[in-house]
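Beneath this line is the structure, given in structure tokens, with notes to follow.
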Amino acid sequence: MVKKLWGTRFSKKTHALTDKFTSSITFDKRLAKYDILGSIAHAKMLGKQKIISQKESRQIVRGLNSILKNVVSGKFKFDPAAEDIHSNIQELLARKIGSPAHKLHTARSRNDQVALDVRMYLKSEINNVVWLAVMLQKAILRFAVNNSRVIIPGYTHLQTAQCVLLAHHLLAYIEALERDIERLFDAKSRVDSMPLGSCAFSGTGLNIDRDFVKKELGFASVTANSIDSVSDRDFIIEVLADISILSVHLSRFAEDLILWSTKEFNFIDIDFSFCTGSSIMPHKKNPDILELIRGSVGKIQGDLSSVLILMKGLPSSYNRDLQLDKPPLFDAIDTIKDILEIFMELFGSIAVKKEEIAGRIKDESLFSVDIVEYLIKKGSSYRQAHDIVGRMYRDSLGKGKAISGLSLKELKKYSPYFGLEVKKILNAWASVNLKRSYGGTNPKLVAGQLLAWERRLK
Ligand code: ARG
């Protein structure tokens, strides 16, 4: 049985339900490594400042290091009766080294300790999420490069719009992921501040050296206000918001791929190894992974909402409610890592149905803007050109008549600006070639972007 860190003042044992209800060990045990590393830095500081003896400091550090070894190797047995990970480690240390362990919690509270642990956890996990996001960018880039000559019909309002290069469409994903990565790194700069030494919420009368602990733990700065340090979890909300935005991107990419894999679109084939079947319809091959990616994103949005709502009515300083920030935080981090990992593998399993797509980009309605711009270059006003081309499509669409089949005389009836050379632009390659504005889908521009990203992601 773990002795409660605060038990002496209590004239009576706490109810079993109280213990069960207040305990967080089932989830905060995953902070063990950071809790111990934080304690090691703290013990070294206490020794250096002569708040405890050098000998005691060394004994504590040695004891904590041996517990850390067990945690890292997975041998550590968490005590389900412990109130939280902080109590669990301290109790174990006391059993290992005896009385010096009772000096470890000098000039510290679990309030600043848990803030430290979560910040250390987040610094490490932001790096992991970013690393996976970069790997996904690389997988998408590989897919784009391998299919750099494929033109697809592009959509707005999910209605056929204009031709674009598939690689151009995929580079849009890479751009979005890049902003997600920047946002996470930016959030990390605010996570990277060391709260230990704030104690319960007001600081301490003992002569501690917070800057030493900051350096030991590799933090960029020390938090400047002890109340703020134990009170706020905005840094968690910020990371959850960034992960939410990232997850929305992933959900939309998944939705594109789900649509493209339907018989109706028929642009891609996802390998069997990343699909599932139906228990009743033998012919089925379903994109369940992509659907679960889309679905998991709802869970992440819920995690963000959960912490926002948790915080909104709290009075300043530490409140026990803050314990409940961890399950949603851990869930969001675990979920986004799982999504990123499987998504990058799935991108390597997609075959592009080039022949199917080639048939689809013959549709002349894809070139309406090109004809409008042709007329503008000849001297027509934009409005006039839009009206002319509108009439041409009204007369041809659904009537089995092709604009490319019109004679010069017929073309001239629509506008004197027309010459027969307009027919040269009524194909997908001409169409994408024309989009030379910076950021457009012109193949040379897209090739330049692919090369730039290849260099950047190396
Ligand atoms: N388990 C708590 C949390 O996660 C640790 C801090 C508890 N502090 C206290 N004074 N009860 O926030």
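The values are calculated or read from the model by the stated rules, or taken from the named source; none is laboratory data. All values reported here derive from a predicted model rather than from experimental measurement. Reconstructed Cβ throughout: ideal geometry from the backbone, glycine too, with neighbour counts over all protein chains shown.
Laid out as a table, the results:
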item	result
Those residues of region 442-458 which are part of a loop (DSSP other than H, G, I, E, B) and more than 27 Å from the chain's Cα centre (by Cα), in sequence order	Asn442
Yes/no for Leu411 being buried (at least 18 other Cβ atoms within 10 Å of the Cβ), at pLDDT 95 or above and hydrophobic (A, V, I, L, M, F, W, C)	yes
Residue under evaluation Asp234, criteria (1) more than 27 Å from Gln49 (Cβ to Cβ); (2) away from the ligand (no atom under 16 Å from the Cβ); (3) surrounded by fewer than 18 Cβ atoms within 10 Å (Cβ to Cβ), criterion not met	(2)
Exclusive hit being modelled with pLDDT under 95, part of a loop (DSSP other than H, G, I, E, B) and among the hydroxyl-bearing types (Ser, Thr, Tyr), set Thr18, Thr14, Thr8	Thr14
In region 372-400, residue surrounded by the most Cβ atoms within 10 Å (Cβ to Cβ) [restricted to those that are assigned to a helix (DSSP H, G or I) and polar (S, T, N, Q)]	Ser396
Residue selected from region 72-92 under the condition in a helix (DSSP H, G or I) and surrounded by fewer than 19 Cβ atoms within 10 Å (Cβ to Cβ), by the criterion farthest from the ligand (Cβ to nearest atom)	Ser73
Residue ID - farthest from the ligand (Cβ to nearest atom), chosen from residues in region 291-334 that are small (Gly, Ala, Ser) and in contact (Cβ under 8 Å) with a residue 60 or more places away in the chain	Ala332
Search result, residues across region 445-458 that are out of contact with any Lys or Arg (no Cβ under 8 Å at 6 or more places or on another chain) and either at pLDDT 95 or above or of a type in the set (Asp, Glu) (or both)	Val446, Ala447, Gly448, Gln449, Leu450, Leu451, Ala452, Trp453, Glu454, Arg455, Arg456
Check on Phe272, away from the ligand (no atom under 16 Å from the Cβ), more than 18 Å from the chain's Cα centre (by Cα) and not hydroxyl-bearing (Ser, Thr, Tyr)	yes
Residue tally, condition in a helix (DSSP H, G or I) and within 16 Å of the ligand (Cβ to nearest atom), over region 93-114	5
Some residue of region 130-142 being within 12 Å of the ligand (Cβ to nearest atom), over 23 Å from Glu56 (Cβ atoms) and assigned to a helix (DSSP H, G or I)	no
Neighbours by Cβ (under 8 Å, 6+ apart or cross-chain): first from region 444-458, under 15 Å from Phe143 (Cβ atoms); second assigned to a helix (DSSP H, G or I) and polar (S, T, N, Q)	Trp453/Gln137; Leu457/Gln137
Residue pairs meeting the criteria (Cβ under 8 Å; at least 6 apart or on separate chains; first on the phi < 0 side of the Ramachandran plot, in region 266-277; second of a type outside the set (A, V, I, L, M) and loosely packed, with under 13 Cβ neighbours inside 10 Å)	Gly277/Lys284
Residue check for Leu177: farther than 30 Å from Met120 by Cβ, crowded, with 19+ Cβ neighbours inside 10 Å, touching a residue at least 24 places away in the same chain (Cβ under 8 Å) and not small (Gly, Ala, Ser)	no
Exclusive hit being under 30 Å from Trp260 (Cα atoms), small (Gly, Ala, Ser) and modelled with pLDDT of 95 or more, set Ser109, Ser124, Ser99, Ser148	Ser148
Out of Ala428, Ala447, sole residue that is buried (at least 18 other Cβ atoms within 10 Å of the Cβ) and of a type in the set (Gly, Ala, Ser)	Ala428
Looking only at region 24-35, and only at residues there that are part of a helix (DSSP H, G or I) and surrounded by fewer than 24 Cβ atoms within 10 Å (Cβ to Cβ), the one that is farthest from the ligand (Cβ to nearest atom)	Lys33
Residues within region 39-82 that are under 21 Å from Thr26 (Cβ atoms), touching a residue at least 12 places away in the same chain (Cβ under 8 Å) and of a type in the set (D, E, K, R), tallied	1
Unique match (being more than 16 Å from the ligand (Cβ to nearest atom), in contact with a Leu (Cβ under 9 Å, 6 or more places away or on another chain), in a helix (DSSP H, G or I) and under 27 Å from Asp325 (Cβ atoms)) among Leu122, Leu68	Leu68
